[in-house]
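One structure is given here, and the rest of the page talks about it.
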Amino acid sequence: MLRYTIRRLLQLLIVVGVLSLLLFAWLRSLPGGPVSALLGERATAETRARLTEELGLNDPIFVQYIKFVGRALSGDFGVSTGVQPGDPALDIFLQRLPATLELSILAIIIAIAIGIPLGYLAARRRGSVLDNLSVVSSLIGVAVPVFFLAFLLKQVFAVDLGWFPTAGRQEGGIDATRVTGFFVLDGILTQEWDAAWDAFVHLILPAVALASIPFSVVFRITRASVLDVVDEDYIRTAESKGLTTPVIRRRHVLRNAMLPVVTTIGLQTGALLAGAVLTETVFAFPGIGQALAIGFERRDYPVLLLLILCSAGVFVLINLLVDLSYALIDPRIRTRGGGH
Amino acid sequence: MSTRTDKIDALAEQAARTDSAGVSVAAAAWRRLRRNPVFLFGAAIVVAFVALALLSPWLAPYDPGERMLGDQVIRARDQIPPPQEGHPLGGDQVGRDLLSRILIGSQQTLMVGVLATLIGFTGGLVLGTLAGALGGWVDTVVMRAVDVMLSIPGLLLAVSIGALFSQPNQFTVILAVAMVQVPIFARLLRGSMLAQRHSDHVLAARALGVRQRAIVFRHMLPNSLGPVIVQSTLVLAISIIDAAALSFLGLGNPDDRIPEWGAMLGEAQKAIDSHPHLAYWPAACIIVVALGFTLMGESLREALDPKSRR
């Protein structure tokens, strides 16, 4: 188990290393380039040449990369040129990370809280109206473009009905004390209940939009997995032993059916950031996703590099955690000697 | 990484198992599908969509690029042509007939879906076949590259590739959404090949002295097609949706003379507060078509799954 973990961690480092090199080369080859981004299109050739030299852009790309890694290791990822011009990229990341984490956590909670029970019920009543309706709704959940769903939710529940705020993380008028950067948590810690509640209300619509795809996937996997398990021999054994239905359901069906669901939840959590790019843009929610969208629009290379690298790192790390937890839940994987 | 990849591998393995059972899988699957209302419904949508794309030049009342209602566009007052006699859906931001644009838009949308899937499949085919058929260090190198690609969430990768082009056009959009699918197809095909390597039909072919290339292309590849077809129908839907997202983020095709639903939807988001109906029509079309492909793909998957056949 320990060897397995170490090997997977090494793999993670390699992936992030290769990815940083690729991203670095990729960002340098993007149209416009950092010089245009800093000076604008109308700068004279002379100023451009000077800045190119100053930024070390005349060096071979490999030398530039080594220098970049050296700076990055000391926490210097360069300065933003478009998202929040002048701010260090790392600051932008750290500042926006809690917002996206808050949003993602709520989204995945919504997806789990609805997806698993609904998937379980649908499987138990296979072919019923509830089953068919929820299967169809989960398929529609995948077919609707996330940004359009976000817009619809905003239009109906925020603009027309006025139940929720239309944008942002918190009303400007609220004077909240900042502790951790997680606005809901801050409000609870400082016992500023109105601030916590306001931040929470701001999260709901974007989180629902973001949850649409993970919900669909978690629901379908739960349903399929429960259907698989109830056919297994050990369920029949349990029945013939005379165990009561609730015991069978709890101990045998649910526990075994949850294995693939755990994987799915992990994968979907890692993939949330892609959806966050769209959802945060619609709701003007100041998180990582919005920074990415603005970064692409304004060609903010230092910020893009850091954010994409971090999201890939998080994605890979979550997968690693899922694999490890999988090994903990399922003894068969442990005894196989850890992976491939 | 490996959990996601394991899932793809398991799917591939499963298909390989199915086929080695000996009975004609395709025939059995078709018998089941013919009676499956979900499949028939999805297939009906897909057939209608393809028919619309083919027939739209004759169905569309006007030229989708002509600003025939341009005189009714008043920019200062943010006014666009309302539905009227001869133009049941009204006009778009610059006065082109919306109905014609929706009808003709099916062509480009179909092209985005089909081309993206084909490119993704071809790329995956090359990589997956190389890795699965040759094994050894080729396999290791290819699969590590695939893993790196899979380590960026799909849409984010598409957006990153889309941003590579200074002058985006329809093809760069297609390429961006297609690249995301390459590693998935590659995994799928490789897994399927590996699973077959020691199966009886491959051993038999080898014992008969069939050359490696013939084994790969005539025996292993055709037997891997089941999950690939399932994946393709799902990818078609995803590509159309991703193309819309790219357009929404400003990385779509800026040339809007030839309409495409995703680009129309992305473009309409800019004026969505004043003219939401410009977004509703293309969105409805995309949702229905994506649903059609998804229903078809999911029921195909179920039909090909040996477990559900008991």
For this session: Rank-order A:136-143, B:33-40 by packing density, defined as the average count of other C-beta atoms within 10 Å over each peptide's residues, highest first.
Result: A:136-143, B:33-40
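Need one value for B:142-150: mean number of C-beta atoms belonging to other chains within 10 Å of its residues' C-beta atoms.
Values: counts 0, 0, 4, 2, 0, 5, 9, 2, 5.
Across the residues of B:142-150, the mean count of other-chain Cβ atoms within 10 Å is 3.
Per DSSP H run of n ≥ 4, the term is -39500 (n - 2.57); total these for the protein assembly as shown, divide by its residue number, and report the mean residue ellipticity at 222 nm rounded to 500 deg cm²/dmol. List each step's numbers first, then the result.
Details: 26 runs with 445 residues, N = 650.
Calculated mean residue ellipticity at 222 nm is -23000 deg cm²/dmol.
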Exercise. Considering only protein heavy atoms, what is the solvent-accessible area of residue A:183 at a probe of 1.4 Å, reported in Å² to the nearest 10?
Worked result: 30 Å²
Seminar exercise, completed: In nm, the gap between the two label points placed 7 Å beyond Cα toward Cβ at residue A:328 and residue B:200 is 4.4 nm
For this session: Calculate the radius of gyration of the Cα atoms of chain A to one decimal place, then report Dmax, the largest Cα-Cα distance, as a whole number, both in Å.
Result: 24.0, 87
Problem set entry | Shielding by partners, peptide B:242-249 (average Cβ within 10 angstrom, other chains) | 5
Problem set entry | Surface per residue (accessible, 1.4 Å probe) for region B:86-129, Å² | 27 Å²
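Ignoring ligands, DNA and RNA, please state the percent of accessible area on chain A from carbon and sulfur, probe 1.4 Å.
Details: 10510 of 16360 Å².
With neighbouring chains kept in place, the figure for chain A is 64 percent.
Which FRET efficiency value, to the nearest 0.05, do you get for residue A:95 and residue A:137 by plugging their Cβ-Cβ distance into 1/(1 + (r/R0)^6) with R0 = 41 Å?
On the way: r = 37 Å, r/R0 = 0.90.
In this case the efficiency is close to 0.65.
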Exercise. What nm distance separates the two modelled labels at residue B:225 and residue B:257, each placed 7 Å from Cα along Cα→Cβ?
Worked result: 4.0 nm
Seminar exercise, completed: region A:100-141 scanned against label point 7 Å out from residue A:245 along Cα→C-beta; backbone N under 12 Å for A:124-125
Problem set entry | Per principal axis, descending, Cα span of region B:127-192 in whole Å | 40, 20, 17
Problem set entry | Label-point gap, in nm, between residue B:118 and residue A:191 - each point 7 angstrom along Cα→Cβ | 6.8 nm
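Round to the nearest 0.05 the FRET efficiency obtained for residue A:317 and residue A:155 when R0 = 35 Å and r is the Cβ-Cβ distance. If you can, show how the numbers build up before the last one.
Values: r = 36 Å, r/R0 = 1.04.
With a Förster radius of 35 Å, E is 0.45.
What's the whole-number percent of alpha carbon pairs in chain B lying beyond 37 angstrom?
Values: 12477 of 47895 pairs.
When all Cα pairs of chain B are counted, 26 percent exceed 37 Å.
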Problem set entry | Debye log10 I(q)/I(0) at q = 0.13, 0.17, 0.20 Å⁻¹ for region A:214-309, Cα point scatterers | -0.61, -0.77, -0.92
Exercise. Using the membrane-span-like helix rule (whole DSSP H runs, Cα extent along the own axis of at least 15 Å, mean Kyte-Doolittle hydropathy at least 1.0), which helices of chain B qualify?
Worked result: B:37-59, B:98-129, B:136-150, B:225-248, B:277-304
Exercise. PRE reach from residue B:111 (point 7 Å along Cα→Cβ): which of region B:214-257 fall under 13 Å by backbone N?
Worked result: B:253, B:255-257
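Where does the protein assembly as shown land on the Kirkwood hydrodynamic radius, alpha-carbon pairs, in angstrom? Kindly include the intermediate steps, with their values, before the conclusion.
Details: mean 1/r = 0.0374 Å⁻¹.
Hydrodynamic radius (Kirkwood, Cα only) of the protein assembly as shown equals 26.7 Å.
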For this session: Taking the Cα centre of the protein assembly as shown as origin, sum charge times position over the Cβ atoms of Lys and Arg (+1) and Asp and Glu (-1), and report the length of that vector in debye to the nearest 20.
Result: 2940 debye
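So, R0 is 45 Å and r is the distance between the beta-carbons of residue A:25 and residue A:124; what FRET efficiency does that work out to, to 0.05?
On the way: r = 52 Å, r/R0 = 1.17.
Computed FRET efficiency for residue A:25 and residue A:124: 0.30.
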Exercise. Residue separation times 0.36 nm, minus the C-alpha to C-alpha distance between residue B:167 and residue B:273: what's the value?
Worked result: 35.3 nm
For this session: First obtain the Kirkwood hydrodynamic radius of region A:50-201 from its Cα pairs, then insert it into the Stokes-Einstein equation at 10 °C and 1.306 mPa s, and state the resulting D in µm² per second as a whole number.
Result: 79 µm²/s
For this session: Name the residues whose placed amide hydrogens come within less than 5 Å of the amide hydrogen of residue B:91, ignoring near sequence neighbours (fewer than 5 apart) on the same chain.
Result: B:98
Exercise. Mind checking the mean number of beta-carbon atoms from other chains within 10 Å of the Cβ atoms in A:134-143?
Worked result: 5
Problem set entry | Buried accessible area, chains B and A (both chains, 1.4 Å probe, Å² to nearest 100) | 4000 Å²
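The values are calculated or read from the model by the stated rules, or taken from the named source; none is laboratory data. Note that the coordinates shown come from a computational prediction; the quantities given were computed from them, not determined experimentally. As a convention, Cβ positions derive from the backbone with ideal geometry for all residues, glycine included, and neighbour counts pool all protein chains shown. SASA here: full protein model, heavy atoms, side chains in, ligands and nucleic acids out. Shrake-Rupley method; radii C 1.70, N 1.55, O 1.52, S 1.80 Å.
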